[in-house]
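A.B. asks: Input: one structure, supplied below.
The values are calculated or read from the model by the stated rules, or taken from the named source; none is laboratory data. If you're wondering where the values come from, they're calculated on a predicted model, not measured in any experiment. Don't worry about glycine lacking a Cβ; one is built from the backbone with ideal geometry, like all the others, and counts go over all protein chains shown. With ligands, DNA and RNA removed, areas are computed over all heavy atoms of the protein, side chains included. Shrake-Rupley method; radii C 1.70, N 1.55, O 1.52, S 1.80 Å.
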Amino acid sequence: MATRTFKLLHVVGTRPNFMKVAPIMAAARCWNEAPAPERAVSGVAFRQVLVHTGQHYDQTMSEVFFDELGLPQPDHYLGVGSGSHAEQTARVMLAIEPTLVAEAPDLLLVVGDVNSTLAAALVAHKLGIAIAHVEAGLRSQDRGMPEETNRLLTDQLSDMLFTTCRDADKNLLREGIPSRRIHFVGNPMIDSLEAHRSKIDASTIVMELGLIPGGYAVITLHRPSNVDEPEGLRRLARTLRRLADRIPLVFPLHARTRARLAEFGLIEGLERETSLRLIEPLGYLDFVALMQDARLVLTDSGGIQEETTVLGVPCLTLRHNTERPVTISDGTNRLVDPDDSAAIQGAVATVLSTPSTREQHRPEGWDGRASERIVVDIARWLADDCAESLGDKSMQEV
Ligand code: UD1
């Protein structure tokens, strides 16, 4: 049987995209390298194109991840940079349109919920390019969150929706997405974690920071709802200073958070705390290693809720909601009101008074093989789609 090569075009833009796209690109490369009879769908091969929108552009927020995760250098770099939501989304749309027209991929792959995700999907849809959305169906039910808008709209535009948990399937069905478009595959972010376990274990970051394994907490904060408003951020900074009396804290600062702390005059107060370390954002391997040896993690990130679950490290999510409830029902995560200092301190005290079990949790499909399943489903879908259009053509010819 003749082999047909399909072009997949992947879009990345921000830090949390890289660890989801890397294993999918690697799985598609493996597919090509496997002897044809061993492929789950015969007659299909892939050519891959990578587009980086440049939503994140610093060495610490972007470049380091390419080196560590084995992502190829992007074929196209759009350099859109920062701006308001409208500016950023519009700039990605304008810059990606000629790229999509020139590349004419058989399938656009977008991941997650950032502005680059929605912008790329919107342009592709209007050009009649099929779209696959990885990490579809997650819902916080909080329409005030910019990412929730991006999730809802991207899912409506997508032809293949890859989900990481069963509750995402239910959300999509409730929103009228036909079940044939929904593919439960598990979590590709965990594929990256599993693929890099030995390098994570070899990291010396905990020692370099002078920390005792199991004797410190990691903090990450960057959500606009937590860091953009002076009073809220001041309250959180005060809470962190109190927590630092109980356990040493390490706080890798996201660009947005560093800028806001400086703007609101809060950096110096935090820097004065001897057991609170403000550090630059870390690379992937060092950051996962830092979480792995932490007594607990306090965060408002999405992905970190998932990684701590698999690492078996208690996670306190400083938000009113989560789009990842499986990390609470089947994992180590707990929501804590970010505005309630006493609640945060109480939750930390509870973790510290509970013996650490390090019991790792594995929600269904978080087994390190989600990307392989994604690639098989894509191959099948493209082969069927191709057969269907050939069928249409032969009907016309008849
Ligand atoms: C974005 C995503 C969010 C994701 C987060 C991960 C959207 C709506 N939000 O939020 O879902 O969890 O990335 O990091 O897409 N900046 C730099 N250097 C960089 C990147 C950003 O200095 O490399 C600065 C920008 O100037 C901007 C701020 O950081 O002021 C925020 O960046 P932006 O991409 O707008 O949003 P994030 O808060 O990072």
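A.B. asks: If R0 is 41 Å, what FRET efficiency do you get for Ser42 and Met207 from their C-beta distance, rounded to 0.05?
C.D. replies: For Ser42 and Met207, the calculated efficiency is 0.25.
A.B. asks: Specify whether the C-alpha gyration tensor of region 87-150 places it in the rounded, prolate or oblate class, a ≥ b ≥ c being the square roots of the eigenvalues: rounded for a/c under 1.5, otherwise prolate if a/b is larger than b/c and oblate if not.
C.D. replies: oblate
A.B. asks: Still on this structure, I have one more. Order Lys199, Lys20, Lys170 by their accessible area, 1.4 angstrom probe, all chains in place, largest first.
C.D. replies: Lys170, Lys199, Lys20
A.B. asks: To the nearest 10 degrees, how steeply does helix 115-126 sit against the main Cα axis of the chain, on a 0 to 90 scale?
C.D. replies: Once rounded, the angle reads 20 degrees.
A.B. asks: Once both labels are modelled 7 Å past Cα along the beta-carbon direction, what's the Gln73-Ile267 spacing in nm?
C.D. replies: About 3.3 nm, to one decimal.
A.B. asks: Moving to a separate point now. I need the peptides 127-139, 250-262 ranked by packing, meaning the mean over residues of other C-beta atoms within 10 angstrom, with the highest value on top.
C.D. replies: Result, highest mean first: 127-139, 250-262.
A.B. asks: Take the alpha carbon atoms of region 218-248, find their center, do the same for region 101-137, and report the distance between the two centers in whole angstrom.
C.D. replies: If we compute the Cα centre of each part, the gap is 35 Å.
A.B. asks: Please name which of Pro252, Ala237, Ala262 has its Cα lying farthest along the dipole of the chain towards the positive end, using unit charges on Cβ (Lys, Arg +1; Asp, Glu -1) and the Cα centre as origin.
C.D. replies: Going by the Cα projections, it comes out as Ala237.
A.B. asks: Using +1 on the beta carbon of Lys and Arg, -1 on that of Asp and Glu, and nothing else charged, what's the dipole of region 233-335 about the Cα centre, debye to 20?
C.D. replies: Dipole size: approximately 520 debye.
A.B. asks: Using protein chains only and a probe of 1.4 angstrom, how many square angstrom of Ser84 are accessible, to the nearest 10?
C.D. replies: Only protein atoms counted, so the area is about 60 Å².
A.B. asks: Compute the FRET efficiency between Glu87 and Ser353 as 1/(1 + (r/R0)^6), taking r as their Cβ-Cβ distance and R0 = 45 Å, and round to the nearest 0.05.
C.D. replies: Efficiency computed from Cβ-Cβ geometry: 0.40.
A.B. asks: When Lys and Arg each count +1 and Asp and Glu each count -1, what net charge do the other residues less than 15 Å away from Glu103, Cβ to Cβ, add up to?
C.D. replies: -1
A.B. asks: First measure r as the distance between the Cβ atoms of Ala383 and Met61, then evaluate 1/(1 + (r/R0)^6) with R0 = 30 Å and state the FRET efficiency to the nearest 0.05.
C.D. replies: That pair, Ala383 with Met61, gives E of 0.20.
A.B. asks: Under a Cβ-Cβ cut-off of 11 Å, what is the net charge of the residues other than Ile205 that fall near it, where Lys and Arg count +1 and Asp and Glu count -1?
C.D. replies: -3
A.B. asks: With a 1.4 Å probe and every protein chain left in place, tell me how much accessible area Trp381 has, in Å² to the nearest 10.
C.D. replies: 60 Å²
A.B. asks: Label the chain by shape, choosing from rounded, prolate and oblate, from the square roots a ≥ b ≥ c of the eigenvalues of the Cα gyration tensor; if a/c is under 1.5 it is rounded, and otherwise prolate applies when a/b is larger than b/c, oblate when it is not.
C.D. replies: Here the chain falls in the prolate category.
A.B. asks: Which of the listed residues, Pro188, Asn321, Val336, is farthest toward the dipole's positive end in the chain, when Lys, Arg count +1 and Asp, Glu count -1 at the beta-carbon?
C.D. replies: Comparing the listed Cα positions along the dipole, Val336 ranks first.
A.B. asks: Just want to confirm a number: the relative contact order over the chain, from Cα pairs under 8 angstrom separated by 6+ residues, in percent.
C.D. replies: Relative contact order comes out at 16 percent.
A.B. asks: A further question on this structure: Taking the Cα centre of region 175-239 as origin, sum charge times position over the Cβ atoms of Lys and Arg (+1) and Asp and Glu (-1), and report the length of that vector in debye to the nearest 20.
C.D. replies: Result for region 175-239 is approximately 120 debye, rounded to the nearest 20.
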